[in-house]
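Asker: Below is a structure I'd like to ask you about.
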C-alpha cells in the first residue's frame, strides 16, 4: 500500500467519498482530450520546474492558467468575420465594420475593439486575418459542438494556444465552473509528477510542446497578443496516492510516444488516446483495490466480426463487471470505517457515539459539525449515519463519477455497440494504432505483443491471454484463436503487422525512431 496524502478540506462538497478513493477529481464530462489540455495548462505554468513536486504543499502544485480571452473570442465568438472578408468592401471598411461588430460581443475582460487594435499591425490585410481565423478554428477541438464559446479550445500548438475553461455571465464575470476542466488534468499532472521518470518527461515536454517560435504558435500569439492571466495562483486538486505503478506506466508510454519519429502535433493524438486508457485503468484499479478485489482489471475484447458471438457475449459481460466495480468501492470504503481500530476503540470511550461521529467527520467530511437539519442527523447513532452516507453517496456517485467507465471507454475507442444491442469492448483502429506506437519499438513478435498488451493494459484477445476463460469452459479455445486471427488481420490492414509465414508474424511500428531501427 503506497503512502496516502492527507486530504485537505474541500469546499462546496457535502461529503468526500469519491474524492477519498480517486482524488478531487475525476469527472465524466472531462474527456481525455480535455484532460490533456488541462494538464498542458498546468505544465505551462510550471516550465521552470516541469513535473517536479512543490515543497510544502502535501503533494499538490501551484499554477496560474492562462485565460486568453481575446484568442478564444476571435475564434469562437466571431461569426461575422467570414461574411465581411467575402464582401467587396475596401480593406479599411472591412476592418471598421468588423471592429464595430466585435465590440458588440465584448465581455469587458480585455476583449473590446480597443483591445484588439494591434491586429491591424499584425496582418497585412483583413483577408489575411480572416484566413488565420479560419485555419486555427478548423484545427480546434469540438468546433461544431453546441458548447458555449468560452469552453471551446484551439489545438495546443504552443504555449500561447493554452487556456482554461471559463463560464462568463451576462455581466462579464468569469468563473471556472469545473464542468469541462474539472481537475482531471490536474490529477494527471500530479500522477506524472509522482512517476519515477516524471522529471525526465517534464524536460522533454517543455522543449517539444512549448516552443514559442513554432509557426502555428506565432499565429495564435498574433491573435492573442499579450497573454492574459488571473491575479492569483491556484493550488491543484487532491490525488491520494504518493506512488502507484500506473503513474509510472503513463509516464513510460508518454516517453515512448514522444521518442517516435513523428511530429509532436501528430504524437498528441496518440498521447490523448493512451492517457485515456491509462486513466480508465487507474479508475478501475483503484475501485477494485478499495473493494478488496485483488484480481487485475481485464478488458475482454472482441475484434469485431459477424461470427464472434461468444466472444461478444463475454466482452459485454466484462464491460458490465467493470461498470459495477466503482459502486462496490463506494460501499466498501464507507463501511470499512466500522473495522478501523479507532472506531472499535471508541466503543469503550465515555461518549462513544460522539467519538465515532468525530471519526466520520475526519474521514468523510460528514456530517457537518453544525448539522441540525430536519432529519436530525446530528442526533443519529453512528451506525445509522454510516448507512445514511452509503444511501447518499451512491446516487451522487452515479451522477458523474459512475459514468466515467462508459464515457471514457467510448471516447478512446475501446467500447462499442456495433453489431450488438449492448456495449462491449471492441477496440477501434485508432486505439489499436496508439497502442502499437506506445508499446512497440521497431518490431515485436505478435504473440509477445498480445502478452504485453494484456500485462500493460489488461486487454484479453487471444487464447493465451484468455486461458482462464477456456479453463472455466466459458468459451472454446478455437473462438479465442479466431479472435486473435481477426486482430492480426486488422493490424495487417493497418500496415502494422508483417507476416513472415503462417506461424510467424511481427507487429511493426512505422514510426520507430532511428535509434530503435538500428538496434
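Asker: Does region 241-255 contain at least one residue that is buried (at least 24 other Cβ atoms within 10 Å of the Cβ), within 20 Å of the chain's Cα centre (by Cα) and outside any helix (DSSP H, G or I)?
Answerer: no
Asker: Name the residues in region 78-118 that are under 18 Å from residue 135 (Cα atoms), surrounded by 15 or more Cβ atoms within 10 Å (Cβ to Cβ) and modelled with pLDDT of 95 or more, would you? Can you show your working first?
Answerer: At the first step, the residues of region 78-118 found to be under 18 Å from residue 135 (Cα atoms) are 78-86.
Add one more test, that the residue is surrounded by 15 or more Cβ atoms within 10 Å (Cβ to Cβ), and what stays is 78, 81, 84-85.
Passing the criteria: 81, 84, 85.
Asker: Still on this structure: Would you confirm whether or not region 447-465 contains a residue that is in a helix (DSSP H, G or I) and farther than 28 Å from residue 323 by Cα?
Answerer: Among the residues of region 447-465, at least one is in a helix (DSSP H, G or I) and farther than 28 Å from residue 323 by Cα, which makes the answer yes.
Asker: Just one of (1) under 24 Å from residue 280 (Cβ atoms); (2) surrounded by 14 or more Cβ atoms within 10 Å (Cβ to Cβ); (3) touching a helix residue (DSSP H, G or I) at 6+ places or on another chain (Cβ under 8 Å) trips up residue 446, so point out which.
Answerer: Residue 446 satisfies all of (1) under 24 Å from residue 280 (Cβ atoms); (2) surrounded by 14 or more Cβ atoms within 10 Å (Cβ to Cβ); (3) touching a helix residue (DSSP H, G or I) at 6+ places or on another chain (Cβ under 8 Å) except (1).
Asker: Looking at (1) in contact with a strand residue (DSSP E or B) (Cβ under 6 Å, 6 or more places away or on another chain); (2) closer than 18 Å to residue 97 by Cβ, which is the only condition residue 141 fails?
Answerer: Checking residue 141 against (1) in contact with a strand residue (DSSP E or B) (Cβ under 6 Å, 6 or more places away or on another chain); (2) closer than 18 Å to residue 97 by Cβ, the one that fails is (2).
Asker: Can you spot a residue in region 390-399 that is surrounded by 19 or more Cβ atoms within 10 Å (Cβ to Cβ), touching a helix residue (DSSP H, G or I) at 6+ places or on another chain (Cβ under 6 Å) and under 19 Å from residue 286 (Cβ atoms)? Even if it seems obvious, please write down each step before you answer.
Answerer: The initial filter retains those residues of region 390-399 that are surrounded by 19 or more Cβ atoms within 10 Å (Cβ to Cβ), namely 393, 397.
After this cut, where a residue has to be touching a helix residue (DSSP H, G or I) at 6+ places or on another chain (Cβ under 6 Å) as well, the list is 393, 397.
Cutting the leftovers down to under 19 Å from residue 286 (Cβ atoms) gives us 393, 397.
Yes, there is a match, as at least one residue in region 390-399 is surrounded by 19 or more Cβ atoms within 10 Å (Cβ to Cβ), touching a helix residue (DSSP H, G or I) at 6+ places or on another chain (Cβ under 6 Å) and under 19 Å from residue 286 (Cβ atoms).
Asker: Just to be sure I understand, how many residues within region 283-311 are at pLDDT below 95 and either touching a strand residue (DSSP E or B) at 6+ places or on another chain (Cβ under 7 Å) or not assigned by TED's automatic domain parsing to the domain that holds residue 431 (or both)?
Answerer: So the answer is 0.
Asker: Let me ask you something else. Restricting attention to region 461-478, which residues are surrounded by 19 or more Cβ atoms within 10 Å (Cβ to Cβ) and in contact with a helix residue (DSSP H, G or I) (Cβ under 6 Å, 6 or more places away or on another chain)?
Answerer: Passing the criteria: 461, 462, 463, 465, 466.
Asker: Still on this model: Residue by residue through region 119-145, note down the ones that are surrounded by fewer than 13 Cβ atoms within 10 Å (Cβ to Cβ) and in contact (Cβ under 8 Å) with a residue 60 or more places away in the chain.
Answerer: Selection gives 135 alone.
Asker: Please find, among 28, 103, the residue that is in contact with a helix residue (DSSP H, G or I) (Cβ under 7 Å, 6 or more places away or on another chain), free of Cβ contacts under 8 Å to residues at least 24 places away in the same chain and farther than 22 Å from residue 161 by Cβ.
Answerer: Criteria check complete, one pass: 103.
Asker: Go through 280, 219, 223, 229 for me and flag whichever is buried (at least 24 other Cβ atoms within 10 Å of the Cβ) and not assigned by TED's automatic domain parsing to the domain that holds residue 332.
Answerer: None of the others qualify; the one that does is 223.
Asker: Can you find a residue that is over 21 Å from residue 175 (Cβ atoms) and either buried (at least 23 other Cβ atoms within 10 Å of the Cβ) or free of Cβ contacts under 8 Å to residues at least 60 places away in the same chain (or both) anywhere in region 65-73?
Answerer: no
The values are calculated or read from the model by the stated rules, or taken from the named source; none is laboratory data. Computed from a predicted model, the values in this text were never measured in an experiment. As a convention, Cβ positions derive from the backbone with ideal geometry for all residues, glycine included, and neighbour counts pool all protein chains shown.
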